[in-house]
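The values are calculated or read from the model by the stated rules, or taken from the named source; none is laboratory data. Bear in mind the structure is a predicted one, so any value in this text is a computation, not a measurement. In this analysis, Cβ positions are derived from the backbone assuming ideal geometry, glycine residues included, and neighbour counts consider all displayed protein chains. Calculation scope for accessible area: heavy atoms of the full protein, side chains included, ligands and nucleic acids excluded. Shrake-Rupley method; radii C 1.70, N 1.55, O 1.52, S 1.80 Å.
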Amino acid sequence: MDCVFCREEGGDVLWQNDTLRVVLADEHDYPGFCRVIWNAHVAEFSDLSEEERARVMRAVYAVERAMRRVMQPVKVNLASLGNQVPHVHWHVIPRFSNDAHFPLPIWAPRQRTVSEALLSQRRAQATLLREAVRNEIEQALA
């Protein structure tokens, strides 16, 4: 089996332990876009035990809290699709009313062009996520 999340980190690792990791994805239009990825190859969320599912969701919650504090988005989108990468992972995406696709999902047709200056400002904010995610996740998983 060739799984991108089994052979690659999936982004810049912000935090990890033996069961999961949080990465900052390389999504040009969406600075701050994070993924919470289960380390072992598991295709479906329902294949995890109740305790494992709770652990993943506590991590998703912690990333959302850190993201809201640091990025101050108008909305946070959570998604677990897995159609292209059948490996348990959650997308945690900061959304802004002036982002490229708002109010539609980020995978919908582009609604507008966003200036590089604004994206650079958001990238600078996203650099603060590493510490914020670590702090929130250590509290949530303690």
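Looking at the stretch 103-121, can you tell me whether even one residue there is closer than 14 Å to residue 34 by Cα, touching a Pro at 6+ places or on another chain (Cβ under 7 Å) and either open to solvent by 90 Å² or more (accessible area, probe 1.4 Å) or in a helix (DSSP H, G or I) (or both)?
In the first step, residues of the stretch 103-121 are kept if they are closer than 14 Å to residue 34 by Cα; the result is 106.
Within this subset, residues satisfying the condition of being touching a Pro at 6+ places or on another chain (Cβ under 7 Å) are none.
The answer is no, given that none of the residues of the stretch 103-121 is closer than 14 Å to residue 34 by Cα, touching a Pro at 6+ places or on another chain (Cβ under 7 Å) and either open to solvent by 90 Å² or more (accessible area, probe 1.4 Å) or in a helix (DSSP H, G or I) (or both).
Look at residue 15 and say whether it is of a type in the set (Phe, Trp, Tyr), closer than 30 Å to residue 142 by Cβ, within 15 Å of the chain's Cα centre (by Cα) and open to solvent by 40 Å² or more (accessible area, probe 1.4 Å).
Details: of a type in the set (Phe, Trp, Tyr): yes; closer than 30 Å to residue 142 by Cβ: yes; within 15 Å of the chain's Cα centre (by Cα): yes; open to solvent by 40 Å² or more (accessible area, probe 1.4 Å): no.
No.
If residue 21 satisfies every condition in (1) basic (Lys, Arg); (2) in contact (Cβ under 8 Å) with a residue 40 or more places away in the chain; (3) surrounded by 20 or more Cβ atoms within 10 Å (Cβ to Cβ) but one, which is the exception?
Checking residue 21 against (1) basic (Lys, Arg); (2) in contact (Cβ under 8 Å) with a residue 40 or more places away in the chain; (3) surrounded by 20 or more Cβ atoms within 10 Å (Cβ to Cβ), the one that fails is (2).
So which residues in the stretch 38-70 are over 16 Å from residue 134 (Cβ atoms) and buried (at least 20 other Cβ atoms within 10 Å of the Cβ), if there are any at all?
Those that are over 16 Å from residue 134 (Cβ atoms) and buried (at least 20 other Cβ atoms within 10 Å of the Cβ): 38, 56.
Please enumerate the residues belonging to the stretch 130-142 that are out of contact with any strand residue (DSSP E or B) (no Cβ under 6 Å at 6 or more places or on another chain), outside any loop (DSSP other than H, G, I, E, B) and not polar (S, T, N, Q).
Passing the criteria: 131, 132, 136, 138, 140.
Of all residues in the stretch 71-101, which are closer than 26 Å to residue 124 by Cβ and open to solvent by 50 Å² or more (accessible area, probe 1.4 Å)?
Residues satisfying the conditions are 72, 74, 75, 78, 97, 98.
Kindly indicate the residue of the stretch 72-97 that is closer than 18 Å to residue 48 by Cβ and in a loop (DSSP other than H, G, I, E, B) and also nearest to the chain's Cα centre (by Cα) among those meeting that condition.
Residue satisfying both the conditions and the ranking: 80.
Looking at 35, 69 in this structure, which one is among the basic types (Lys, Arg), in a strand (DSSP E or B) and touching a residue at least 40 places away in the same chain (Cβ under 8 Å)?
35
Between residues in the stretch 118-137 that are of a type in the set (Gly, Ala, Ser) and residues that are surrounded by fewer than 19 Cβ atoms within 10 Å (Cβ to Cβ), which pairs lie under 7 Å by C-beta distance while being six or more apart or on different chains?
Close Cβ pairs (under 7 Å, with a partner that is surrounded by fewer than 19 Cβ atoms within 10 Å (Cβ to Cβ)) amount to 132/69.
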